[in-house]
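One structure is given here, and the rest of the page talks about it.
Read-outs: derived from the displayed coordinates by stated rules, not from any lab. Not measured: the values here are computed from a predicted model. Glycine gets a Cβ as well: all are built from the backbone with ideal geometry, and neighbour counts include every protein chain shown.
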Amino acid sequence: MSIRNIFLSILVIIVIATWYLSPAPTIEKRVVIEDVDYFIIDFDREKRGEDGLISSSFQAERVDHYPNDDRAELVQPRATTYSKNRSPWKMRADHGTQLNGRNLVKLKGGVVVKQNSTEDPKFSRMESEEVTILIDEEYLESDHPISFTTESSLTSSIGAQAWLKTGKIILLQESAGTYRSAIKKDNSDKGDDTSNNTTEK
């Protein structure tokens, strides 16, 4: 074998070895960082109806707005809805998300919706860890564990739909209720007497 052929063979071996030993190309992963275009501290907004009266109010300790999807992230959101001839509904949570500037708000963490009302069987308190609320429509829904309280009952479910104006509730699954009926006193009674009943679906 000529010196030229030997040299070419060695060169080919070096090229092949270099190709095998070279590190594989790395694929860059781009991390998309969302920018906040504005934020508000101690946000407070009131909405009025056609009669000029306040129909709802909304507060939050902080609001961060993300322009990519027109999303607002809320810290300690609070909302109140007002209607004639009935007590207002008050809502609170640890966090919230509002999309596209709509009145649809997703509340998360310690969600409580309550009304200072003694109307029975209409519920006066709702609790869950995650709820979607249409504020103007006074409608809420959740697919998480949720409970409703009235003056004489406690109802729980995995998921529910509720209308605050009418008190209508649709329980989705694994619902259970505890009811307390007070026995009225008469002159022969010696003290209070209550009974508890529990039903499940």
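In segment 43-186, one over the average inverse separation of all distinct C-alpha pairs is 16.0 Å, which is the Kirkwood hydrodynamic radius. In a DSSP loop and with at most 13 other Cβ atoms within 10 Å, the trypsin sites (Lys or Arg not before Pro) in segment 38-132 are Lys84, Arg102.
With a threshold of 20 Å on the Cα-Cα distance, the over-threshold entries among Lys47/Lys165; Lys108/Lys165; Lys84/Lys106; Lys47/Lys108; Lys108/Lys168 are Lys108/Lys165; Lys84/Lys106; Lys47/Lys108; Lys108/Lys168.
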